[in-house]
């Protein structure tokens, strides 16, 4: 059994990671190629590829793969071929709350979760009027693409046994959250364990109108996809 948990940046992914690792009594694995924008591409470890070739996958148990996974054709082919996922969890959050999260990242880290690693070479530029920084535009468009790809697969029923879990459900561990987790894990789950949250109260920023326009135009352009969960 391998669960794929694809988390949108800024959707309480670290908190969910702790919870899932506790439920499954394991450490999650990340297949991202590199940090930042490297999340767009997956890389299967050599050990897993060799075991697959020898029909010895059972020697490498991987209960949980977690990360900012983009369901491109190539990535899905790798997951299906090497791990044969038993279920999917996809996290989401209101897109304007995520945008605010990216503002905070840019202000204090001088980059965003899906930025190029080489952005460190331009730190002087990033200190100036961080709300105007095009790092945010890049990350905003990428997270919108994340939703576009996953929502398209789900709405066309191209993946089965999947659950969409919101930021609020993860933080509250409410009944909806518990039912969705039990549906994916197909097992009894101890929801009483007190797991520390690393979620801090968000600093609030005024939305850059350029970013608001990106969101509205992106959603309007893909009329055949239902984005109502994130707006």
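Values in this text are rule-based calculations from the coordinates and carry no lab data. All values derive from a computational prediction rather than experimental measurement. Reconstructed Cβ throughout: ideal geometry from the backbone, glycine too, with neighbour counts over all protein chains shown.
Recomputing P(r) over Cα pairs in 10 Å bins from 0, in percent from the coordinates shown identifies the correct label among (1) 7, 27, 30, 20, 12, 3, 0; (2) 7, 33, 39, 19, 1, 0; (3) 7, 31, 35, 21, 6, 0 as (3).
Spin-label model, residue 155/residue 50: points 7 Å from Cα along the beta carbon direction are separated by 4.5 nm.
Principal-axis analysis of the Cα atoms of the chain puts helix 134-155 at an angle of about 40° to the longest axis.
Using r as the Cβ-Cβ distance of residue 116 and residue 41, and R0 as 22 Å, what FRET efficiency do you calculate, to the nearest 0.05? Could you put the intermediate results ahead of the total?
On the way: r = 13 Å, r/R0 = 0.61.
FRET efficiency, residue 116 to residue 41: 0.95.
For n ≥ 4 DSSP H runs only, could you compute -39500 (n - 2.57) per run for the chain, divide by its residues and tell me the 222 nm figure to the nearest 500? Please report the intermediate quantities before stating the final value.
Working: 9 runs with 102 residues, N = 231.
My calculation for the chain gives -13500 deg cm²/dmol from helical runs alone.
Stretching the chain fully between residue 183 and residue 81 yields a gain of 34.4 nm (0.36 nm per residue, less the alpha carbon separation).
Roughly how many whole Å is it from the C-alpha centroid of segment 57-89 to that of segment 166-223? About 21 Å separates the Cα centre of segment 57-89 from the one of segment 166-223.
At 0.36 nm per residue, minus the direct Cα-Cα distance, what do residue 224 and residue 24 gain on full extension? Give it in nm, one decimal, please. Before the final figure, lay out each step's value.
On the way: separation 200, 0.36 × 200 = 72.00 nm, distance 3.64 nm.
Residue separation times 0.36 nm, minus the Cα-Cα distance, leaves 68.4 nm.
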